[in-house]
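> The following block contains the structure, expressed as structure tokens.
The values are calculated or read from the model by the stated rules, or taken from the named source; none is laboratory data. This one's a predicted model, so the numbers in the text were calculated from it and none came from an experiment. Glycine also receives a Cβ, built like all others from the backbone with ideal geometry; neighbour counts cover every protein chain displayed. When the accessible area is computed, the model is the full protein with side chains, heavy atoms only, and any ligands, DNA or RNA have been set aside. Shrake-Rupley method; radii C 1.70, N 1.55, O 1.52, S 1.80 Å.
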Amino acid sequence: MTELPTLPGVDFRAFRGPADYPELARIITAHSKGEGDDRVETAEGIASGYDHLDNCDPSRDLVVVEVDGRAVGYTRVFWEQEAGGPRVYRMFCFLDPAYGGRGIGSALVEWDIHRLREIAAEHDDAPEQLFETWLNDKNVAATALIRGAGFEPITYSATMVRPSVDDLPNHRLPEGLEIRPVREEDLRTIWEADVEAFRDHWGGSEPTEESYQRFLAYPYNDPTLWKIAWDDEG
């Protein structure tokens, strides 16, 4: 494993497998709350993704941060090949905001970049290679940290909330389309249609069988809440 950071009063360690899932979920939830996000992660949600990872070996590509024996943050790196584009080496960090201001974020970003350079150096078939990370710009400290590491913003996303769904207008489906309840045997078809719809989306990459398994394993998918339009002639 790439040499771990050192920081007074802080311990950095390797991933311990499923035993860490509850800790990672707790850290994500605390981090999100600190940014004003209402995301609540669970160990089951972590497992659905980590049990089906692509281009990532958590035993080498994930670091957990502890203070006084308590897990307070972590980082993970991985890579993806964009469809018709560059090979992108991605990193993300989550830190309980109660432990901010100690240099933990800086240490993790430095480790991330070093580890991603190691991975990229093993790839001699990528015509273009880029580093990438995502963050909430409400997190002023993280934004300053990432900019200080040489990153520049290239795109933005937004979360939109509608105050009520009680006054939605009724719209008829085009002729030949109908909405039907989702059956288990339809799941692969639905997933493939979603993949096709977003194939040319910004930053899109080709899906793998593992990504389909992640889709199936995600514990909060509730097909009774889905609205799927079918065209039997298409």
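> Carbon and sulfur atoms: what percent of the 1.4 Å accessible area of the chain do they account for? Can you show the working numbers first?
Details: 7630 of 14930 Å².
Taking all protein chains in place, the chain shows 51 percent carbon and sulfur surface.
> Leaving ligands, DNA and RNA out of it, rank Met1, Met160 by accessible area with a 1.4 Å probe, largest first. Could the numbers behind the result be given before it?
Values: Met1 95, Met160 175 Å².
From most exposed to least exposed: Met160, Met1.
> Looking at the chain, which longest stretch skips every one of the trypsin sites (Lys or Arg not before Pro) that is in a DSSP loop with at most 11 other Cβ atoms within 10 Å, leaving the sites themselves out?
Numbers: sites that count: Arg39, Lys138, Arg172, Arg183, Lys227.
It works out to 40-137.
> Taking the range 193-234, which GluC sites (Glu not before Pro) meet the DSSP loop condition and have no more than 12 other C-beta atoms within 10 Å? Walk me through the numbers on the way to the answer.
On the way: sites: Glu196, Glu209, Glu210, Glu233; in loops: Glu233.
Listed in order of number, the matching sites are Glu233.
> Given a 1.4 angstrom probe, what's the average accessible area per residue across the range 82-158, in square angstrom? Present the calculation step by step, with values, prior to reporting the outcome.
On the way: 4560 Å² over 77 residues.
Ligands and nucleic acids excluded, the figure is 59 Å² per residue.
> How high is the relative contact order of the chain, in percent, with contacts defined as C-alpha pairs under 8 Å that are six or more residues apart?
Numbers: 282 pairs, mean separation 49.9, N = 234.
Averaging sequence separation for qualifying contacts and normalising by length gives 21 percent for the chain.
> Sticking with this one: Could you calculate the FRET efficiency of Asp57 with Ile228 from 1/(1 + (r/R0)^6), where r is the beta carbon distance between them and R0 is 25 Å, rounded to 0.05? Provide the component values of the computation, followed by the final result.
Values: r = 36 Å, r/R0 = 1.42.
That pair, Asp57 with Ile228, gives E of 0.10.
> From the helices alone, meaning DSSP H stretches of at least four residues, give me the mean residue ellipticity at 222 nm for the chain, per-run term -39500 (n - 2.57), in deg cm²/dmol to the nearest 500.
On the way: 7 runs with 73 residues, N = 234.
Mean residue ellipticity, 222 nm, calculated: -9500 deg cm²/dmol.
> Can you give me the Cα centroid spacing of the range 124-163 and the range 169-218 in angstrom?
That distance is 27 Å.
> Could I ask something else about it? Among the chymotrypsin sites (Phe, Trp or Tyr not before Pro) within the range 95-159, which fall in a DSSP loop and have no more than 12 other Cβ atoms within 10 Å of their own Cβ? Write out the running numbers ahead of the final one.
On the way: sites: Tyr99, Trp111, Phe131, Trp134, Phe151, Tyr156; in loops: Trp134, Phe151, Tyr156.
Taking the range 95-159 and a limit of 12 other Cβ atoms within 10 Å, the loop chymotrypsin sites (Phe, Trp or Tyr not before Pro) found are Trp134, Tyr156.
> Now for a different question. Taking the Cα centre of the range 86-198 as origin and charging only Cβ (+1 Lys, Arg; -1 Asp, Glu), how large is the dipole, in debye to the nearest 20? Mind showing how you got there, number by number?
Values: 12 positive and 21 negative charges, 116 e Å.
Computed charge dipole of the range 86-198: roughly 560 debye.
> Taking +1 at the Cβ of each Lys and Arg and -1 at the Cβ of each Asp and Glu, which of Gln129, Tyr21, Leu225 sits farthest along the dipole of the chain towards its positive end, judged by Cα position relative to the Cα centre?
Tyr21
> What is the extension gain from Val40 to Leu130, computed as 0.36 nm multiplied by their sequence separation minus the C-alpha to C-alpha distance, in nm to one decimal?
Values: separation 90, 0.36 × 90 = 32.40 nm, distance 3.03 nm.
That works out to 29.4 nm of additional length.
> While we're looking at this one, here's another question. With +1 assigned to the C-beta of every Lys and Arg and -1 to the C-beta of every Asp and Glu, and no other charges, what is the dipole magnitude of the chain about the Cα centre in debye, to the nearest 20? Before the final figure, lay out each step's value.
On the way: 23 positive and 46 negative charges, 222 e Å.
Here the chain has a charge dipole of around 1060 debye.
> Then there is this: Along Cα→Cβ, 7 Å out, is where each label goes; now give me the distance between the ones at Leu7 and Asp186 in nm to one decimal.
4.8
> Once you wrap a convex hull around the alpha carbon atoms of the range 68-115, what is its projected area averaged over all directions, in nm²? Before the final figure, lay out the partial values.
Details: hull surface 16.6 nm².
Mean shadow area of the hull around the Cα atoms is 4.1 nm².
> Now for a separate question. How big is the C-alpha Rg of the chain next to the rule-of-thumb value 2.2 N^0.38 Å, as a ratio?
The value comes to 1.16.
> With +1 on each Lys and Arg Cβ and -1 on each Asp and Glu Cβ, and nothing else charged, work out how big the dipole of the range 49-111 is about its Cα centre, in Debye to the nearest 20.
On the way: 6 positive and 10 negative charges, 33 e Å.
Result for the range 49-111 is approximately 160 debye, rounded to the nearest 20.
> For the range 1-98, what is the convex hull volume of its Cα atoms per residue in Å³?
Numbers: hull volume 11.8 nm³, N = 98.
Value for the range 1-98: 121 Å³ per residue.
> Report the calculated FRET efficiency for Ala158 and Glu196 (r = Cβ-Cβ distance, R0 = 22 Å), to the nearest 0.05.
Values: r = 24 Å, r/R0 = 1.11.
Plugging the Cβ-Cβ distance into 1/(1 + (r/R0)^6) gives 0.35.
> To continue, here is another question. Could you point to the residue in Pro153, Leu187, Leu108 farthest towards the positive end of the chain's charge dipole, with +1 and -1 charges on the Cβ of Lys/Arg and Asp/Glu respectively?
Farthest along the dipole direction, towards plus: Leu108.
> So for the pair Glu66, Leu177, with labels modelled 7 Å out along Cα→Cβ, what separation do we get in nm?
Label-label distance for Glu66 and Leu177, simple model: 5.3 nm.
> Related question: Would you work out the Kirkwood radius for the range 90-177? I mean one over the mean of 1/r across all pairs of different Cα atoms, in Å. Don't jump to the answer; show the numbers that get you there.
Working: mean 1/r = 0.0591 Å⁻¹.
Radius from the Kirkwood sum: 16.9 Å.
> Would you compute, for the Cα atoms of the range 111-234, the largest minus smallest coordinate along each principal axis and list the three values in descending order, in whole Å?
Each principal axis gives a Cα extent; for the range 111-234 these are 53, 39, 28 Å.
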